[in-house]
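The values are calculated or read from the model by the stated rules, or taken from the named source; none is laboratory data. Since this is a predicted model, take the numbers as computed values, not measurements. Note: ideal-geometry Cβ built from the backbone for every residue, glycine included; neighbour counts use all protein chains shown. Heavy atoms of the whole protein, side chains included, go into the accessibility calculation; ligands, DNA and RNA do not. Shrake-Rupley method; radii C 1.70, N 1.55, O 1.52, S 1.80 Å.
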Amino acid sequence: QNDLPEQLSLNLEDNEDNQLAWLKTRGSLDPQEDVFFYWTGSIYLLQDAEPTGETFTEFPGPILEFEGFNVARFTPQDDGVRMVSREVAVYKSYSGQILDCWSNTVLGLESPSAVPVVHVWNDPVSHTLYGADYDRLGDEIVFRTEIQLNYPSPLPVDDYPQYSASNTYQSVELFNWYVDLADLQNPEIESAPVSFSWSRQGQLLPWMQAGQDGGKLVYHTRGRKLPGGFADLPDDLQEFVLENGPENQTAPDQDWGQNMTSWRVFKKLYDSGAYSPDCN
C-alpha cells in the first residue's frame with residue numbers, strides 16, 4: 001500500500017501556484033504560525049581605489065561577524081499575502097562575542113576612535129508577498145529576491161555629518177531561497193524546510209561614525225528556516241534577546257507603522273538623546 005500523500009500539481013509559471021509555493025517557502029500557509037529565519041555570516045569593507053592614486057591589491061578579511069533572525073507571520077489578502085515581522089541582528093567579534101564597543105580604526109579614518117555598537121532592532125519589517133522568480137536545479141527550486149534601494153536618507157549629511165554617508169540611502173540585497181520541489185508539492189506540508197543565502201552591499205553604518213569618508217560594507221551570510229522557532233537560535237542570541245528585547249520571541253500581532261531600518265532606529269536614538277557617541 002502506498003502511504004505517500006497525493007502530490008499537488010503546482011505549476012510555478014502560474015501566478016497563483018507560484019504565490020502558494022513562495023508562501024510555503026518564505027513563510028507558512030498557517031496565518032497563526034511564527035516563522036523564524038536565522039542567518040550568520042561576515043561583513044567586509046570595500047573601499048574605492050582613487051582613480052589616479054596608487055594601486056592596491058589586497059582585500060582585507062571581515063571586519064565584523066553578523067548574526068540574526070527574522071520572525072514573521074503571513075496573512076492572505078485580496079491582492080497577495082501580507083508579511084508582518086520583526087528583525088534582530090547582532091555585530092560580533094571574530095571570536096564570536098556580541099560587541100558593545102568597536103574600534104573604527106580599520107576604516108582608515110583621520111581620527112579613529114572606539115564607538116558604541118548599535119545592534120539591529122527593526123520592528124516592524126512588513127511587506128506584501130506575491131510570487132517570486134525562480135530557477136529549477138534538478139529536484140530543487142531556488143527562489144530569488146533582489147532588492148535595490150535608493151531613497152532620501154533619514155540622516156541628511158547637513159544634520160548628521162558624523163553619521164551620514166550621503167543624502168541618499170543606497171543598498172542592494174540579494175537572496176537565494178533553496179527548497180525541495182517535493183516539499184512544495186506535498187499537501188501535508190504548510191511550511192517547507194528552507195535554506196537561504198543573503199548578500200548585501202550598503203553604506204557604512206551610522207554608528208561607525210565615518211561620515212562621508214567613503215567605503216561600502218559587503219555582507220555575506222547564509223541561514224535556514226528554524227522548525228523549532230526561537231528555541232532553535234544559538235544560546236547567546238537567545239539570551240541577548242531575552243535581556244534586551246523579549247518581545248522579539250514572536251512576530252508582531254498586527255500590521256502597524258513605517259518599516260524600521262538601522263538608519264531610522266539610529267535617528268530615533270540620536271534625536272531623543274538616547275545615543276552617546278562614546279563608549280562608556
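Things to note:
- Contact map, the range 55-68: first residue in contact (Cβ under 8 Å) with a residue 24 or more places away in the chain and under 13 Å from residue 106 (Cβ atoms), second residue open to solvent by less than 100 Å² (accessible area, probe 1.4 Å) and among the small types (Gly, Ala, Ser), Cβ cut-off under 7 Å, separation 6 or more or different chains; pairs are 62/42.
- Of all residue pairs spaced 6 or more apart or on separate chains, those with beta-carbon atoms under 6 Å, a first member in the range 254-280 that is modelled with pLDDT of 95 or more and open to solvent by 60 Å² or more (accessible area, probe 1.4 Å) and a second member that is of a type in the set (A, V, I, L, M, F, W, C) and outside any helix (DSSP H, G or I) are 267/155.
- Near pairs, Cβ below 7 angstrom, 6+ apart or cross-chain, from the range 135-154 (part of a strand (DSSP E or B)) to any residue that is among the charged types (D, E, K, R) and open to solvent by less than 60 Å² (accessible area, probe 1.4 Å): 147/173
- Residues satisfying the stated conditions in the range 39-49, i.e. part of a strand (DSSP E or B) and open to solvent by 40 Å² or more (accessible area, probe 1.4 Å): 40, 44, 46
- Against the numbered list (1) over 22 Å from residue 218 (Cα atoms); (2) in contact with a Lys or Arg (Cβ under 7 Å, 6 or more places away or on another chain); (3) free of Cβ contacts under 8 Å to residues at least 40 places away in the same chain, residue 78 comes up short only at (2).
- Only residues that are under 14 Å from the mean Cα position of the chain (by Cα) and under 17 Å from residue 199 (Cβ atoms) were counted across the range 55-90, and they come to 7.
- For the range 164-183, residues that are part of a strand (DSSP E or B) and under 24 Å from residue 277 (Cα atoms) total 3.
- Check on residue 87, touching a Phe, Trp or Tyr at 6+ places or on another chain (Cβ under 7 Å), under 23 Å from residue 221 (Cβ atoms) and open to solvent by 20 Å² or more (accessible area, probe 1.4 Å): no
- Annotation note: of 254, 201, the sole residue that is in contact with a strand residue (DSSP E or B) (Cβ under 8 Å, 6 or more places away or on another chain) and part of a strand (DSSP E or B) is 201.
- Test: residue in the range 222-233 that is at pLDDT below 95, loosely packed, with under 15 Cβ neighbours inside 10 Å and farther than 29 Å from residue 61 by Cα: no
- Search result, residues across the range 50-77 that are of a type outside the set (Asp, Glu), out of contact with any helix residue (DSSP H, G or I) (no Cβ under 6 Å at 6 or more places or on another chain), farther than 30 Å from residue 190 by Cα and open to solvent by less than 60 Å² (accessible area, probe 1.4 Å): 53, 61, 62, 64
- Leading residue by the ranking (nearest to the chain's Cα centre (by Cα)) among those in the range 111-132 that are farther than 30 Å from residue 252 by Cβ and in contact (Cβ under 8 Å) with a residue 24 or more places away in the chain: 115
- Residues of the range 132-164 that are touching a strand residue (DSSP E or B) at 6+ places or on another chain (Cβ under 9 Å) and open to solvent by less than 40 Å² (accessible area, probe 1.4 Å): 132, 141, 142, 143, 145, 153, 154, 155, 164.
- Summed over the range 82-110, residues that are touching a residue at least 60 places away in the same chain (Cβ under 8 Å), among the charged types (D, E, K, R) and touching an Asp or Glu at 6+ places or on another chain (Cβ under 7 Å) total 2.
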